[in-house]
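J.: Handing you this structure, nothing more for now.
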Amino acid sequence: MSKSVYSVVLSDEVVAAIDRLAASEGTSRSGLIDRVLAQYAGCDTPAQRMSDILGCVEQMAGIEQQFRLLFNPSAALLQLKSAVPDEYNPAVKYAVELYPDRADALGELRVTLRSQSRPLLEEMGRFFLLWTDLEERFFVDGAFLRYQLGEGRLARLLRAAPERSSEELGGAIAEYIKLFDRVMRRYFGALDGGQRAAQAAAKCFADGLSDPVARL
């Protein structure tokens, strides 16, 4: 959605109220006015689309007990916290960051594990490799997915999907996070259970993968 500069005449009292509201929401005066007018006129702005998408993910986090919402410093970012089933109960953070002005990608999803345990970090690295392999094999056009892997960190771009509604995208991202978390727990739970962790995780992945998630 393109933007232009327009000159409008507003009452000083209205501008002051807008500025207070914009500050409380962490946005700019122009951003707030643009959103309010878009809602009144029935238009869908990039900011509103991001809010609707992240709202679906936030709603999922409020329902699923294993997730906890973290402080989000930006309207384009949502962060959740889960845990690997391990004796140290390390924190696993999911971050969804949306891009308001990029046509080639909807945003980025990051998974981060913070731990002082070298064996745990190495095992998580092996799980990340397994997960990306499963995505490349079973997601739509999986060969075109892009990842960044680091110690205890996985990041991947979310495909631009202008034809999909905000509710559909938000629901798909929420399902993606739940699937990732479920497969991760299955993998780590099978390490000491006399089963092959990779096989157990792959079956959990196949059983839970849906078409909306496979098109992210």
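The values are calculated or read from the model by the stated rules, or taken from the named source; none is laboratory data. The structure presented is a predicted model; accordingly, all values stated were derived computationally and were not measured. Cβ placement follows ideal geometry from the backbone for every residue including glycine, while neighbour counts extend to all protein chains displayed.
J.: Could you pull out the residue among L134, L120, L106, L149 that is buried (at least 17 other Cβ atoms within 10 Å of the Cβ) and at pLDDT 95 or above?
T.: Of L134, L120, L106, L149, the one residue that is buried (at least 17 other Cβ atoms within 10 Å of the Cβ) and at pLDDT 95 or above is L134.
J.: Also, I was wondering about something else. Among the residues of the range 197-210, are any among the charged types (D, E, K, R), assigned by TED's automatic domain parsing to the domain that holds D86 and modelled with pLDDT under 95?
T.: For the range 197-210, residues among the charged types (D, E, K, R), assigned by TED's automatic domain parsing to the domain that holds D86 and modelled with pLDDT under 95: absent.
J.: Now for a separate question. So which pairs qualify, if the first residue must be in the range 64-78 and more than 15 Å from D181 (Cα to Cα), the second must be surrounded by 15 or more Cβ atoms within 10 Å (Cβ to Cβ) and among the β-branched types (V, I, T), the Cβ gap must be under 6 Å, and the two must be at least 6 apart or on different chains?
T.: L78/V57; L78/V96
J.: Being buried (at least 16 other Cβ atoms within 10 Å of the Cβ) and of a type in the set (S, T, Y) is the filter; apply it to the range 17-45 and report the residue that is modelled with the lowest pLDDT.
T.: Ranking the candidates gives T45 first.
J.: What about S74, is it modelled with pLDDT under 80, part of a loop (DSSP other than H, G, I, E, B) and exposed (fewer than 11 other Cβ atoms within 10 Å of the Cβ)?
T.: In short, no.
J.: While we're on this one: Say whether the condition of being at pLDDT below 80, loosely packed, with under 14 Cβ neighbours inside 10 Å and farther than 27 Å from R164 by Cβ is met by at least one residue in the range 89-96.
T.: Just the residues of the range 89-96 that are at pLDDT below 80, to begin with: 89-90.
Filter once more, keeping what is loosely packed, with under 14 Cβ neighbours inside 10 Å: 89.
Of the ones still in play, those that are also farther than 27 Å from R164 by Cβ are 89.
Checked against the condition, which is being at pLDDT below 80, loosely packed, with under 14 Cβ neighbours inside 10 Å and farther than 27 Å from R164 by Cβ, the range 89-96 yields at least one hit.
J.: Further question on the same structure: If a residue must be closer than 17 Å to L179 by Cα and free of Cβ contacts under 8 Å to residues at least 12 places away in the same chain, how many such residues does the range 79-96 contain?
T.: Going through the range 79-96 one residue at a time, the tally reaches 0.
J.: Restricting to the range 178-196, what's the tally of residues that are under 15 Å from F127 (Cβ atoms) and touching a residue at least 24 places away in the same chain (Cβ under 8 Å)?
T.: Looking only at that region, the number is 11.
J.: Of a type outside the set (F, W, Y) and either in a helix (DSSP H, G or I) or more than 23 Å from Q66 (Cα to Cα) (or both): is that true of L113 in this structure?
T.: Details: of a type outside the set (F, W, Y): yes; either in a helix (DSSP H, G or I) or more than 23 Å from Q66 (Cα to Cα) (or both): no.
For L113, the condition - of a type outside the set (F, W, Y) and either in a helix (DSSP H, G or I) or more than 23 Å from Q66 (Cα to Cα) (or both) - is not met.
J.: Can you tell me which residue within the range 198-216, out of those that are surrounded by 15 or more Cβ atoms within 10 Å (Cβ to Cβ) and without any contact (Cβ under 8 Å) to a residue 40 or more places away in the chain, is farthest from Q66 (Cα to Cα)?
T.: Checked the range 198-216; the qualifying residue farthest from Q66 (Cα to Cα) is A200.
J.: Restricting attention to the range 152-190, which residues are surrounded by fewer than 16 Cβ atoms within 10 Å (Cβ to Cβ) and not in a loop (DSSP other than H, G, I, E, B)?
T.: E167, E168 - these are the residues of the range 152-190 that are surrounded by fewer than 16 Cβ atoms within 10 Å (Cβ to Cβ) and not in a loop (DSSP other than H, G, I, E, B).
J.: Looking only at residues that are touching a Lys or Arg at 6+ places or on another chain (Cβ under 7 Å) and either of a type in the set (A, V, I, L, M) or not in a helix (DSSP H, G or I) (or both) in the range 191-214, which one is farthest from V111 (Cα to Cα)?
T.: This residue is A200.
J.: At positive phi, small (G, A, S) and out of contact with any Pro (no Cβ under 7 Å at 6 or more places or on another chain): which single residue out of G55, G26, G31, G62 fits that description? I'd like the intermediate steps shown before the answer.
T.: Working: G55 fails: at positive phi; G31 fails: at positive phi; G62 fails: at positive phi.
Of G55, G26, G31, G62, the one residue that is at positive phi, small (G, A, S) and out of contact with any Pro (no Cβ under 7 Å at 6 or more places or on another chain) is G26.
J.: Here's something else I'd like to know. I'm trying to understand the selection: among the residues of the range 1-16, which are under 23 Å from A76 (Cα atoms) and surrounded by 10 or more Cβ atoms within 10 Å (Cβ to Cβ)?
T.: M1, K3
J.: For the list (1) closer than 27 Å to D86 by Cβ; (2) small (G, A, S); (3) touching a Phe, Trp or Tyr at 6+ places or on another chain (Cβ under 7 Å), I need the number of the one condition that G107 fails.
T.: Evaluating G107 over (1) closer than 27 Å to D86 by Cβ; (2) small (G, A, S); (3) touching a Phe, Trp or Tyr at 6+ places or on another chain (Cβ under 7 Å) leaves (1) as the failure.
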